[in-house]
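The values are calculated or read from the model by the stated rules, or taken from the named source; none is laboratory data. Given the structure is predicted, the values throughout are model-derived calculations rather than measurements. Neighbour counts run over all protein chains shown; Cβ positions are idealised from the backbone, glycine included. Ligands, DNA and RNA are stripped out before the accessible areas are found, and what is left, the full protein with its side chains, is counted by its heavy atoms. Shrake-Rupley method; radii C 1.70, N 1.55, O 1.52, S 1.80 Å.
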Amino acid sequence: MWILTVLTACIADVPVDNAFSAAAGDVDRGRYLGEHVANCLMCHSQRDWDLLGAPNTDGVLGAGSNSTARVEAFPEGTVLWSRNITSDPETGLGEWTDGEIARAITAGLSRDGTPLFLNMPYDQFGQLSNEDLTDLVAWVRTLPPVRHEIPERVLPLPLNLVVRTMPMAPSAAATTPSSGPERGAYLANVASCVWCHSPVDSNQTVIPGKEMSGGHEWVVPNGGTVRSANLTPHATGLGGWSEQAFVARFKGLDVAAMHETRIAPGGFTTLMPWGSFAGLEEDDLRAIWAWLRTVPPVENTVVKWSPSGS
Ligand code: HEC
Ligand code: HEC
């Protein structure tokens, strides 16, 4: 029983900020952050894994049920669903206050205080500036209601105990950096570039000294393994790239064609949300590039794709 006592003591008790209001938030700015930076809809909508890049299926945006969010090697029997974040009053966030939504996004506690599992990246969103958080919540509130009940999650031991230690008080940036590498670092955190493009240990924690060197890997539904690219300035990473090539890699993408491409059985697909990030503003891509140039170079040649069984 002692372990239970210890874990109970560890529960983060982050109160709802009842003074938080998104009424003055800029919905368009919030939509940009939600759809193209923080990728809320990618995780909170169903995805079609037969198409290149696994785009969201139409019609149910925000209604949840994407069980492959942050696909990891969880213990047998684990069932985790992304939740309905539309404004439906019964199955979504319709009855939540702005403060309750903000707390879930930045501290990882559901409306009733249930700790959320960290595949909802509230550790990253906890660093959102108050201004950006306000815009984001203002936008979330505008998601048209979709009635869609999400099944309960199943967290076997020890995850059902570990999850209680996950929520954390946010460490919000005072303001959003407006340009340069500081803005790039801020965006790369919120957009999960850092988490996806860095190797992690068995606790899913980024290995110090290896940031942005790629090789973080995931098994996708067709059985293949995809690994993130090395984005450090080393020759095995983006050493030979120019800012122009980097921006063009996103802005030159034909997203519609990509999302209509049916993948061959066992063929390459990617978890890199190219479709969402193609909508990043050029200035923001330049800021991310400027920051990437400040990251220490790490030698790591990444094999981005291995088909099932190889
Ligand atoms: C990488 C995938 C991922 C991303 C990105 C993501 N979420 Fe989540 N979110 C989840 C999962 C999975 C859960 C449920 C966790 C659980 O059940 O423990 C969740 C839970 C939530 C909840 C709690 C709902 C409830 O009923 O308790 C809210 C609110 C939420 N997310 C909003 C957002 C918003 C807004 C964004 C964008 C800023 C976002 N999420 C981005 C995966 C994600
Ligand atoms: C959900 C995980 C995920 C996120 C989030 C993510 N990436 Fe990726 N990224 C990948 C994977 C996997 C690949 C390798 C497969 C591919 O090229 O699509 C990749 C490839 C890339 C490449 C191609 C490099 C090359 O050598 O061709 C670039 C550039 C890149 N990512 C930049 C970014 C930036 C910038 C961000 C944040 C704005 C980001 N990624 C966020 C998973 C991710």
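Key figures for this structure:
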item: Nonlocal amide H pairs with Arg47, under 5 Å, H built at 1.01 Å; result: Thr57
item: In Hz, Karplus ³J(HN,Hα) per residue of the range 269-282 (6.51, -1.76, 1.60; θ = phi - 60°; x = Gly, Pro); result: 9, 9, 8, 5, x, 4, x, 5, 6, 4, x, 5, 5, 4
item: With all protein chains modelled, accessible area of Val154 [1.4 Å, Å²]; result: 70
item: Debye log10 I(q)/I(0) at q = 0.07, 0.10, 0.14 Å⁻¹ for the chain, Cα point scatterers; result: -0.27, -0.57, -1.19
item: Pairwise FRET efficiency - Thr57 versus Arg111, Cβ, R0 = 30 Å, nearest 0.05; result: 0.65
item: For the range 105-120, Karplus couplings with θ = phi - 60° (6.51, -1.76, 1.60), whole Hz, Gly/Pro x; result: 5, 9, 10, x, 10, 6, 3, 8, x, 4, x, 8, 6, 6, 6, 8
item: Listed residues Tyr122, Tyr32 arranged by accessible area, highest first, probe 1.4 Å; result: Tyr32, Tyr122
item: GluC sites (Glu not before Pro) restricted to the range 88-142 and DSSP loop, no more than 14 other C-beta within 10 Å; result: Glu90, Glu95
item: Two-site label geometry, Val27 and Trp49: point separation in nm, points 7 Å out along Cα→Cβ; result: 3.5
item: Dimensions (Å) - the range 180-306, Cα atoms, principal axes, largest first; result: 41, 35, 26
item: Modelled FRET efficiency - R0 22 Å, Ala257 with Glu281, Cβ distances, 0.05 increments; result: 0.50
item: Exposure of His148 as accessible area (Å², to 10), given a probe of 1.4 Å and all protein chains; result: 50
item: The chain, accessible surface, carbon-and-sulfur percent (1.4 angstrom probe); result: 56
item: Mean separation of Cα contacts under 8 Å, 6 or more apart, over the residue count of the range 23-175: relative contact order %; result: 30
item: Amide H contacts under 5 Å for Trp305, placed H, 5+ residues apart; result: Arg227
item: Mean Cα-pair separation over length for the range 180-306, i.e. relative contact order, pairs under 8 Å, 6 or more apart, %; result: 38
item: In nm, spacing of pseudo-spin labels at Ser171 and Thr205 (7 Å Cα→C-beta vector); result: 1.3
item: Residue-wise HN-Hα coupling along the range 34-41, computed from phi with Karplus coefficients 6.51, -1.76, 1.60 (Hz; x: Gly, Pro); result: x, 8, 10, 10, 8, 6, 4, 6
item: Simple label model, 7 Å out from Cα along Cβ direction - Trp241 to Ser179, nm; result: 2.2
item: Most positive-pole-ward Cα, Val190, His234, Leu133, against dipole of the chain from beta carbon charges; result: His234
item: Average Cα contact separation per residue, the chain, under 8 Å, 6 or more apart, as relative contact order %; result: 22
item: Amide H within-cut-off set for Thr236, under 5 Å, with H built and near neighbours excluded; result: Asn300
item: Per residue, in Å², the accessible surface of the range 23-175 once ligands and nucleic acids are set aside, probe 1.4 Å; result: 43
